[in-house]
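Values in this text are rule-based calculations from the coordinates and carry no lab data. What you see is a predicted model; the values in this text were computed from it and never measured. Please note: Cβ atoms are built from the backbone with ideal geometry, for glycine as well, and neighbour counts cover all protein chains shown.
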Amino acid sequence: MEGRAEILKSDGLYHVYDSNAEDGNVVALRGLHVTVYEGEAVAVIGPSGSGKSTLLKCLGGLMKPSAGGVELAGRRMTRITGNELVKLRQETISFIFQDSNLLPHMNALDNVAQPLRHQGVLPGVARSKAQALLDRLGMGERSRGMPEELSGGEQQRVAIARALITNPKLILADEPTGALDPITSREVLDLFKKLHKEEDVAFLLVTHNREVASFCERSLELREGRFIAQHGTDVDIGDLSGSRELIIDDSGTVTLPPDVLLKVGGPGRFEMQDIERDLMHLERVDDEKVEISKTQQFVLSPACPACKHNYGENEEQQCPDCGSSRPMVQA
Ligand SMILES: Nc1ncnc2c1ncn2[C@@H]1O[C@H](COP(=O)(O)OP(=O)(O)OP(=O)(O)O)[C@@H](O)[C@H]1O
Ligand SMILES: [Mg+2]
């Protein structure tokens, strides 16, 4: 993907859900960096509650992240005004969600045609394009049905048609085939593949489905709000240990996937015998003493990037307010 323009980019993305519950705020995203290039398909995988939907909502500008910026087609979303943002999103990006979010008072056809109507396309033209897409998704005969009269899978196909009608450059999809039977799911997937191959549409897809993940060029593994690894093509979600690359983020943090941690013998301290560019050799050590060099260029961040808690003189590694790990910053 080198040499291609970035369609979506975000750095240092944090999100905290405020909560009145006793267990306090939930830190759903902990400093994520994501880049999707034009025409690239990337899957996001990870267990339930790891932050996948939160990530998609923040990246799509549907939710404001607590910290960090998102660039869509080279433009910083937080810096542009409401109308411009709406226009940029309309022209570039479409969403497909776990729940299809159809407008309840409009039939399937009008739901699909609606984004084009918003762009000022004439009703007849918008409707015929909508009908053609519904035909393609096997929903041609149900186009006059109201959302409440449609099954979950049918509603999902209408939502997919609605997302595709504006010819987006990027599709953000959260479990797009979750509500579909295997046959329909494969049809949707074939359509995605075709859009990806023939029309260079980029995808960022949240999925548990290995067939969906395998059409992507790479997948990112999310756990507790951090990317812990990246996988190349032909990912077997059932066995994530193959072809896995670990990710070290810009604060120097590497989070080991649980199975890798187990393999290296669990948490502990490690000595680095050889360090070279692109190579690091770790060996477990038992002695207790840890010394931090005075010439260190990085210091603990004075404030929490997620909730702005001020650490003061404290050397805590984890934010007492929101539980985010404390990053190192340049001194
Ligand atoms: N509106 C909310 N208020 C408070 N906490 C929330 C809210 N939405 C999500 N969370 C919490 O944030 C974390 C991440 O949630 P998220 O929905 O992003 O997970 P997910 O990876 O999409 O999970 P799933 O696979 O089940 O859809 C979870 O701990 C969840 O409980
Ligand atoms: Mg989710």
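With both bridge residues required to lie in the chain, what share of the DSSP beta bridges run antiparallel, to the nearest 5%? If I count the DSSP bridges inside the chain, around 70 percent turn out antiparallel.
Per-residue packing, averaged as other Cβ atoms within 10 Å, sorts the ranges 128-139, 192-203 into the order 128-139, 192-203, beginning with the highest.
Comparing Ser214, Val112, Gln273 along the charge dipole axis of the chain, the residue lying farthest to the positive side is Val112, per the Cβ-charge model. Amide H to amide H, with H built 1.01 Å from N, His309 comes under 5 Å of Cys304, counting only residues 5 or more places away or on other chains.
Cross-link list Lys52/Lys194; Lys57/Lys87; Lys9/Lys52; Lys87/Lys169; Lys57/Lys308; Lys57/Lys169: which exceed 19 angstrom alpha carbon to alpha carbon? Among Lys52/Lys194; Lys57/Lys87; Lys9/Lys52; Lys87/Lys169; Lys57/Lys308; Lys57/Lys169, the Cα-Cα distance tops 19 Å for Lys52/Lys194; Lys57/Lys308.
Near Ser94, within a Cβ-to-Cβ distance under 10 Å, what is the net charge of the other residues, with Lys and Arg +1 and Asp and Glu -1? Here the charged neighbours net out to +3. Here's the list of aspartates and glutamates a cross-link from Lys129 could span, going by alpha-carbon distance under 14 Å and ignoring same-chain residues fewer than 8 apart: Asp110. Think of it as helices only: each DSSP H run of n ≥ 4 in the chain is worth -39500 (n - 2.57), and spread over all residues that comes to -8000 deg cm²/dmol at 222 nm. Here's how it looks for Arg223: its modeled amide H is under 5 Å from those of Ile228, which are all 5 or more places away or on a different chain.
Give the order of Ile160, Ile7 when sorted by the count of other beta carbons within 10 angstrom, beginning with the fewest.
Values: Ile160 28, Ile7 22.
Ascending number of Cβ neighbours within 10 Å: Ile7, Ile160.
Between the amide H of Thr207 and those of Val44, Glu175, distances stay under 5 Å, these residues lying 5 or more places away or on another chain, with hydrogens modeled in the peptide plane. Remark: spin-label model distance Thr81-Leu103 equals 2.5 nm, labels positioned 7 Å along the Cα→Cβ axis.
By the count of other C-beta atoms within 10 Å, a proxy for reagent exposure, Tyr37, Tyr14 are ordered fewest to most as Tyr37, Tyr14. In this simple spin-label model, placing a label point 7 Å from the Cα along the Cα-to-Cβ direction at both Glu211 and Gln90 gives a separation of 3.6 nm.
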